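Trainee: Below is the structure I would like to discuss, written out as structure tokens.
The values are calculated or read from the model by the stated rules, or taken from the named source; none is laboratory data. Everything numeric here is computed off the predicted structure, so don't read it as measured data. All Cβ positions, glycine included, derive from the backbone under ideal geometry; neighbour counts span all protein chains shown.
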Amino acid sequence: VNEGTPLLAAELMHRLERLQLRSRARTSGLSHGERRSRAHGSSIQFADYREYAVGDDPRLVDWNVYGRSGHLFVKLFEDEALLGVHLLVDVSRSMDWGEPNKLDAARRLAAALGYVALARFDRLYVAPLDEEVGPTLGPLWGRDQAAKLIDGLSGWRAHRATDLGRALGGYARSTGRRPGLAIVISDFLSPSWEDGLRALLRRRHELAVVHLLCPEEVRPAAPAAGSSQAGGVGPGDELRLIDRETGRHVEIHLDAAALDAYARRFAEWTGAIERFCAHHGAAYCRVDSDAALETTCFETLRHRRVLA
Amino acid sequence: VILLAPLGLLALLSIAVLVLFYLLRVRYRDHEVGSTYLWAQLTRDLAVHEPWQKPRLSLLLLIQALLLGGLALALARPALVTGAAERVHAVVLLDGSASMSATDLTPNRFERARARAREVVAGLPDGSTGTVILAAARPDVLAAETSDRARLLAVLDGAGPTDAPGDLGPALRMAVALARDRANGQVHVFSDGAFRTPDLDAGGVRVFYQPLAGEDAGVDNRAIVAIDARPEPQNRRRHQAFVRVQSYAAQATRAVVALRADDRLIDSQSVELAPGGSGSLIFADLPLDARVLEARLLDRDALASDDRAWTVLERREPTQVLLVTRGNMFLERVLSLIPDVEPFRVPPRRLGAIDDGAYDAIVFDGIVPDVLPRRPTLIVNHQDSPFLPVRGLVRRPGALVGLGDDPLLRYVDLRDVRVTRLADVTPPGWARVVAEADGHPAILAGEYEGRRVVIFLFDLQGSNLPLSASFPILMANVLGYLEPPRALEQPVVRPGAALRVVPRPQAEEIRLEGDGAVVRRLKPSALPLALDAPTRVGLYTIRQLAAGEVASVDAFAVNLADAEESDLHARTLALPSDDQVRTTGLPGSREFWPLVIVAVAGLLVGEWWWFHRRA
């Protein structure tokens with residue numbers, strides 16, 4: 001991460017406050033939150049207003065406020081349930097690569113999603129993943145925790161290889177019987193990705209998958225944005241591809257046949273992840289590291305029903 | 001288009017090697033990726049890790065293959081046949097002189113000349129004829145005019161350089177004469193130019209000269225150009241040697257000379273040599289019994305044949321003279337006075353019992369045998385004989401007068417010498433008149449049937465000659481003239497020079513030996529034998545055998561000692577007509593390999609550009 005660049009610009013933070021994470025979870029909580037509980041109507045105390053969003057019960061609109069201000073607000077009550085949001089970010093060495101860097105993009109995206117959760121008083125947990133799960137940040141809630149969130153994300157460094165099965169399994173076990181919305185941000189370049197996702201599902205987490213890739217992984221022979229010609233690859237190259245995580249290498253002649261085979265393999269792989277998510281009712285969203293964060297949040301993730 | 005060196009096309013094999021490199025040694029470029037998770041599965045499908053793959057055509061491979069192909073083509077020396085391949089008669093003149101052994105070209109100049117001559121012969125149009133001449137001390141026609149190309153090539157392969165000084169003039173004249181009367185006659189000269197420019201009239205014959213000297217030839221050559229041995233003035237039995245070393249280097253240098261006597265090292269001395277200068281060395285106190293001296297330069301240079309030189313010390317035995325007389329005080333006295341003469345006297349009646357062949361010279365006083373012995377003979381007071389009839393006597397003829405500058409009369413004053421009477425003879429054809437009186441011959445000298453003969457036509461006792469101071473001088477001159485000639489006139493000769501061998505009277509076989517082996521066998525005759533000296537420098541002996549035993553052994557040396565040959569600097573042969581001289585080329589062909597080289601250089605630049613564009 002560029003030390004001089006904040007993960008989230010103030011203007012973007014202000015816009016993000018209008019979003020919320022979509023969840024089908026029905027949980028009961030003891031703290032303030034902005035999720036409606038099925039237990040509403042008894043022993044409730046008015047706590048706050050918030051702007052009306054599509055899907056809110058129209059019966060909760062405060063028409064008095066509408067009459068005074070002309071804006072639709074819904075009432076919030078103390079016993080509304082809190083949503084546990086688990087942001088699980090892959091910080092393996094394979095993420096610290098690409099142009100633009102995938103880890104930087106993952107940090108920014110995690111900061112944005114985390115801020116959305118904080119602004120909506122969700123209970124936020126943020127954990128780094130590589131060979132295993134790292135120290136978890138949280139629980140956090142409320143906008144005033146945003147600085148802590150951003151500091152925590154900025155301090156992450158990529159040191160180790162990926163083992164999604166082990167890392168996600170470890171995290172799922174640590175959450176015990178308190179499931180929530182688990183958002184996994186990863187390049188999924190790990191053979192055990194399916195094991196990891198299954199572990200989360202077994203703990204009844206609602207799952208959202210953000211598949212983050214850099215352009216060179218999508219189209220290997222295309223010139224990398226912002227990279228010099230000398231460091232790039234092109235058709236006809238004889239390449240010894242060195243794995244950033246393991247140091248192992250693969251020798252390949254990057255001709256049309258190889259590129260076609262890669263494209264097939266890539267489609268097969270991403271299709272498998274997407275089908276898995278669809279089969280288990282999880283949201284799947286593929287994001288390229290060169291995509292603008294605003295576009296990702298306000299278009300891609302909303303379209304994929306991760307954000308609302 | 002013809003290829004003058006088709007073997008150069010063998011270099012095309014390098015293209016196969018290049019393709020092999022591309023197959024076996026694919027040069028991978030390291031490229032880091034986040035993960036090889038997806039790629040690792042691909043390699044199993046693409047099989048890129050297999051060593052034998054179908055060669056992938058790349059521009060780089062194409063450029064490199066074209067580059068190698070161009071080089072191979074240039075090596076094959078392509079040429080355009082411009083003369084419609086007319087039949088020619090090519091006289092190949094190969095310089096075999098000493099300087100052609102110089103190693104400034106690898107392996108030496110002669111081998112280069114041979115290779116080029118082979119190319120010329122191999123490139124002759126069909127139906128052409130060729131002649132091969134090796135020019136060293138004298139021209140040697142190795143192959144007379146023939147259309148058998150294989151024979152010409154075999155003759156070239158069998159030719160070798162000599163250590164003889166070059167004399168290309170006669171060889172070139174012979175070559176031109178052989179080519180002149182032929183259609184399309186040509187002369188190809190392969191030489192380093194180390195000889196005097198010949199006076200030549202090419203007369204319409206095309207002469208092609210291919211110079212051979214290296215660019216830096218001569219820079220380090222030094223030569224022993226003279227070696228001699230003389231008796232020391234104080235002690236004539238002891239000799240001292242004189243050696244002169246010449247430098248042909250462009251910078252000052254130092255030479256170390258070792259002197260060996262009869263193959264034993266005696267001394268070594270060094271001498272500083274200025275650029276192109278010479279230095280002399282004197283070796284004194286040589287062993288008393290030394291017979292052969294060898295001087296040797298200890299440092300190697302480009303020409304080996306001028307680094308060694310030999311000389312043979314002359315040690316003569318006294319001349320044994322047999323005096324046949326009834327008694328002549330003057331003759332006996334004067335013979336005993338002359339140095340290095342050992343006189344023997346015998347009366348005429350006992351002459352038959354004497355083996356006159358054992359003496360070096362015989363003096364007859366007042367008698368003349370019917371048949372002269374085979375030894376050199378002095379007849380004093382000649383008498384009538386079948387050998388030289390006497391017509392009568394000339395009484396009181398007056399003072400003797402010497403004729404011309406006869407060597408017999410050197411330092412002799414005859415002006416006051418008178419005789420009382422002379423035998424009147426007609427001078428025979430083999431004799432010359434040395435002195436006369438009143439127009440009548442008084443002293444005759446000449447070579448009669450292989451021996452030298454001097455005749456005094458007067459009696460010493462009837463003359464005042466014995467009383468004059470000139471008498472011992474005249475007798476010393478006469479005996480010097482009669483002295484038996486040495487088997488070899490010169491103990492040191494140049495390679496290939498004329499050698500004159502005088503057989504001993506009883507010799508049955510004469511052997512020329514060198515380096516422990518018989519080089520040549522000669523049949524002796526009454527007359528001196530003329531033969532060519534060996535063309536290799538070294539020490540040789542003439543061994544004469546008589547009655548199965550060795551009668552004499554005479555050593556002689558063959559030294560190069562030739563500045564023209566030792567000077568290895570590049571020189572250009574100046575032939576008389578410039579328009580008939582070509583410095584290179586072949587009949588009826590124009591080589592264009594330089595154009596091929598230029599194209600190859602262009603390809604090389606293209607490859608460089610391609611490589612750097614990718615990098």
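Trainee: So which residues in segment A:91-102 are within 11 Å of chain B (Cβ to nearest Cβ) and either buried (at least 24 other Cβ atoms within 10 Å of the Cβ) or within 13 Å of A:Leu153 (Cβ to Cβ) (or both)?
Mentor: Answer for segment A:91-102, where residues must be within 11 Å of chain B (Cβ to nearest Cβ) and either buried (at least 24 other Cβ atoms within 10 Å of the Cβ) or within 13 Å of A:Leu153 (Cβ to Cβ) (or both): A:Ser92, A:Ser94, A:Met95, A:Gly98, A:Lys102.
Trainee: Continuing with the same structure: Of everything in segment B:368-400, what is more than 13 Å from B:Leu457 (Cα to Cα) and part of a loop (DSSP other than H, G, I, E, B)? Give them in sequence order.
Mentor: Of everything in segment B:368-400, those that are more than 13 Å from B:Leu457 (Cα to Cα) and part of a loop (DSSP other than H, G, I, E, B) turn out to be B:Pro369, B:Asp370, B:Val371, B:Leu372, B:Pro373, B:Arg374, B:Arg375, B:Pro376, B:Pro386, B:Phe387.
Trainee: Those residues that are closer than 20 Å to B:Arg375 by Cα and part of a strand (DSSP E or B), I need them from segment B:501-523; list them, please.
Mentor: B:Val501, B:Glu509, B:Ile510
Trainee: How many residues are more than 14 Å from chain B (Cβ to nearest Cβ) and either touching an Asp or Glu at 6+ places or on another chain (Cβ under 7 Å) or within 30 Å of A:Glu11 (Cβ to Cβ) (or both) when one looks only at segment A:272-300?
Mentor: Residues that pass the stated criteria total 17.
Trainee: Could I ask something else about it? Give the number of residues within segment A:171-198 that are more than 14 Å from every other protein chain (Cβ to nearest Cβ), crowded, with 22+ Cβ neighbours inside 10 Å and either part of a helix (DSSP H, G or I) or in contact with a Pro (Cβ under 9 Å, 6 or more places away or on another chain) (or both).
Mentor: Qualifying residue count for the region: 4.
Trainee: Of these, B:Ser14, B:Ser97, which one is surrounded by fewer than 17 Cβ atoms within 10 Å (Cβ to Cβ), modelled with pLDDT of 80 or more and farther than 30 Å from A:Glu99 by Cβ?
Mentor: B:Ser14
Trainee: If you don't mind, another one. Does B:Arg415 meet the test of being surrounded by fewer than 21 Cβ atoms within 10 Å (Cβ to Cβ), part of a loop (DSSP other than H, G, I, E, B) and in contact with a strand residue (DSSP E or B) (Cβ under 9 Å, 6 or more places away or on another chain)?
Mentor: yes
Trainee: Can you tell me which of B:Ser589, B:Ser577, B:Ser566 is at pLDDT 85 or above and within 30 Å of B:Val176 (Cβ to Cβ)?
Mentor: So the residue among B:Ser589, B:Ser577, B:Ser566 that is at pLDDT 85 or above and within 30 Å of B:Val176 (Cβ to Cβ) is B:Ser566.
Trainee: Is it the case that segment B:473-491 has a residue that's in a strand (DSSP E or B) and buried (at least 17 other Cβ atoms within 10 Å of the Cβ)?
Mentor: yes
Trainee: Moving on to the next point. Looking at (1) on the phi > 0 side of the Ramachandran plot; (2) away from chain B (no Cβ under 14 Å); (3) under 18 Å from the mean Cα position of the chain (by Cα), find the lone condition where A:Gly142 falls short.
Mentor: In the conditions (1) on the phi > 0 side of the Ramachandran plot; (2) away from chain B (no Cβ under 14 Å); (3) under 18 Å from the mean Cα position of the chain (by Cα), A:Gly142 misses (3) alone.
Trainee: Here are A:Ala267, A:Ala278, A:Ala261: which of them is hydrophobic (A, V, I, L, M, F, W, C), closer than 17 Å to B:Val33 by Cβ and assigned to a helix (DSSP H, G or I)?
Mentor: The unique qualifying residue is A:Ala261.
Trainee: Between A:Ala158, A:Ala117, A:Ala105, A:Ala111, which is among the small types (Gly, Ala, Ser), under 16 Å from the mean Cα position of the chain (by Cα) and within 14 Å of chain B (Cβ to nearest Cβ)?
Mentor: A:Ala105
Matching residues to (1) touching a residue at least 12 places away in the same chain (Cβ under 8 Å); (2) of a type in the set (D, E, K, R); (3) crowded, with 21+ Cβ neighbours inside 10 Å:
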| position | (1), (2), (3) |
| --- | --- |
| B:Arg260 | yes, yes, no |
| B:Asp267 | yes, yes, no |
| B:Val324 | yes, no, yes |
| B:Asn328 | yes, no, yes |
| B:Glu332 | yes, yes, no |
| B:Gly357 | yes, no, no |
| B:Asp360 | yes, yes, no |
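Trainee: Has segment A:128-148 got at least one residue that is in contact with a strand residue (DSSP E or B) (Cβ under 7 Å, 6 or more places away or on another chain), modelled with pLDDT of 90 or more and not in a loop (DSSP other than H, G, I, E, B)?
Mentor: yes
Trainee: Among what's in segment A:82-105 and is of a type in the set (Gly, Ala, Ser) and assigned to a loop (DSSP other than H, G, I, E, B), pick the residue that is nearest to A:Gly196 (Cα to Cα).
Mentor: Once the filter is applied, the top-ranked residue is A:Ser92.
Trainee: Do you know which of the residues in segment A:214-237 that are at the interface with another protein chain (Cβ under 9 Å from one of its Cβ atoms) and within 17 Å of B:Gln41 (Cα to Cα) is modelled with the highest pLDDT?
Mentor: Looking at residues that are at the interface with another protein chain (Cβ under 9 Å from one of its Cβ atoms) and within 17 Å of B:Gln41 (Cα to Cα), I get A:Glu217.
Trainee: Taking segment B:79-109, which residues are touching a residue at least 24 places away in the same chain (Cβ under 8 Å) and over 28 Å from B:Arg182 (Cα atoms)?
Mentor: Answer for segment B:79-109, where residues must be touching a residue at least 24 places away in the same chain (Cβ under 8 Å) and over 28 Å from B:Arg182 (Cα atoms): B:Ala98, B:Ser99, B:Met100, B:Ser101, B:Ala102, B:Thr103, B:Asp104, B:Leu105, B:Asn108, B:Arg109.
Trainee: Every residue in segment B:280-307 that is under 30 Å from B:Ala250 (Cα atoms) and surrounded by fewer than 20 Cβ atoms within 10 Å (Cβ to Cβ), please.
Mentor: Selection gives B:Ser280, B:Ile282, B:Arg296, B:Leu298, B:Asp299, B:Arg300, B:Ala304.
Trainee: Scan segment A:250-271 and give yes if some residue there is among the β-branched types (Val, Ile, Thr) and more than 7 Å from chain B (Cβ to nearest Cβ), otherwise no.
Mentor: Yes, segment A:250-271 has at least one match.
Trainee: May I pose another question? B:Pro165 - would you say it is free of Cβ contacts under 8 Å to residues at least 40 places away in the same chain and over 17 Å from B:Gly185 (Cα atoms)?
Mentor: Judged against the criteria, B:Pro165 is not a match.
Trainee: Here are some residues: B:Leu38, B:Leu71. Which one is at pLDDT 85 or above and surrounded by 15 or more Cβ atoms within 10 Å (Cβ to Cβ)?
Mentor: Of B:Leu38, B:Leu71, the one residue that is at pLDDT 85 or above and surrounded by 15 or more Cβ atoms within 10 Å (Cβ to Cβ) is B:Leu71.
Trainee: Right, here's the next one. Test B:Gln246 against the criterion of being buried (at least 20 other Cβ atoms within 10 Å of the Cβ) and either in a loop (DSSP other than H, G, I, E, B) or within 21 Å of the chain's Cα centre (by Cα) (or both), and give yes or no.
Mentor: yes
Trainee: On the given criteria, is B:Ala517 buried (at least 17 other Cβ atoms within 10 Å of the Cβ) and aliphatic (A, V, I, L, M)?
Mentor: Against the criterion (buried (at least 17 other Cβ atoms within 10 Å of the Cβ) and aliphatic (A, V, I, L, M)), B:Ala517 does not qualify.
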